[in-house]
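Below is one structure, written out as structure tokens, with a few remarks after it.
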Amino acid sequence: MPYYGDIYVYLYDKTQLAQAGVKKIPATLDELKNAALEVKKAGISQYPILKGYKTNTDGLDELWSMVFASGGHMFDANMTGLPEPGHTAVMVSTGWSEAMHNWKILDPRGLEIDETQARDIYLSGQGTFASNVGNVFPRSNNPQHSKRAGNIQLMRSPA
């Protein structure tokens, strides 16, 4: 019997995107990269993308979501992993590494904080984009829990 079940959502701060002059909600990973770079360039957020990977499987949940949203697969028909270069999962993983190390748009604290800490940091006003479990969305727009209430919207998982 499952202990917990929820959807995985991608969130953005509509006010910060408007301040950065980003008019289109990112639908692809390239669009997400470009929007995050615009937010960073505008001085709105040092690290526009915030995630919490410590002690849980959220990184895997997000990897699976982005691979499937991109039309890719994690395994072939024989359930053999598909790790060769050029494979969708490799490209997504490489992109996140570049986002942290090269473009500096993915907050490196994500390796040291868990999902709940990432949620609280995001609700305090840091970062522009975040991914988390679905119950974070109503909390993000509740003034009792979030400094950014009314500004947070859902977007599709970037592909």
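Looking only at region 68-83, residues that are of a type in the set (Gly, Ala, Ser) and surrounded by 10 or more Cβ atoms within 10 Å (Cβ to Cβ) come to 4 in all. GLY86 falls short on exactly one of the conditions (1) touching a residue at least 12 places away in the same chain (Cβ under 8 Å); (2) open to solvent by 30 Å² or more (accessible area, probe 1.4 Å); (3) over 13 Å from the mean Cα position of the chain (by Cα), and that condition is (1). Total residues in region 127-159 satisfying the condition of being open to solvent by less than 50 Å² (accessible area, probe 1.4 Å), farther than 22 Å from GLN19 by Cβ and of a type outside the set (Val, Ile, Thr): the figure is 5.
Residues in region 17-43 that are closer than 18 Å to PRO108 by Cβ, among the aliphatic types (A, V, I, L, M) and either open to solvent by 30 Å² or more (accessible area, probe 1.4 Å) or touching a Lys or Arg at 6+ places or on another chain (Cβ under 9 Å) (or both): LEU37 only. Residue count for region 89-112, restricted to those that are without any contact (Cβ under 8 Å) to a residue 40 or more places away in the chain and among the acidic types (Asp, Glu): 1. Quick check: is even one residue across region 89-106 farther than 26 Å from VAL22 by Cβ and either polar (S, T, N, Q) or open to solvent by 60 Å² or more (accessible area, probe 1.4 Å) (or both)? The answer is no; no qualifying residue exists. Looking across region 112-159, the residues that are part of a helix (DSSP H, G or I) and of a type in the set (A, V, I, L, M) come down to ALA118, ILE121, LEU123, VAL136. Residue count for region 107-126 satisfying the condition of being at pLDDT below 95, among the β-branched types (Val, Ile, Thr) and either open to solvent by less than 60 Å² (accessible area, probe 1.4 Å) or farther than 13 Å from LYS54 by Cα (or both): 1. Of the residues making up region 6-54, just one is touching a helix residue (DSSP H, G or I) at 6+ places or on another chain (Cβ under 8 Å), basic (Lys, Arg) and not in a loop (DSSP other than H, G, I, E, B), namely LYS33.
The values are calculated or read from the model by the stated rules, or taken from the named source; none is laboratory data. This one's a predicted model, so the numbers in the text were calculated from it and none came from an experiment. Glycine gets a Cβ as well: all are built from the backbone with ideal geometry, and neighbour counts include every protein chain shown. For accessibility, only protein heavy atoms count, side chains too; no ligands or nucleic acids. Shrake-Rupley method; radii C 1.70, N 1.55, O 1.52, S 1.80 Å.
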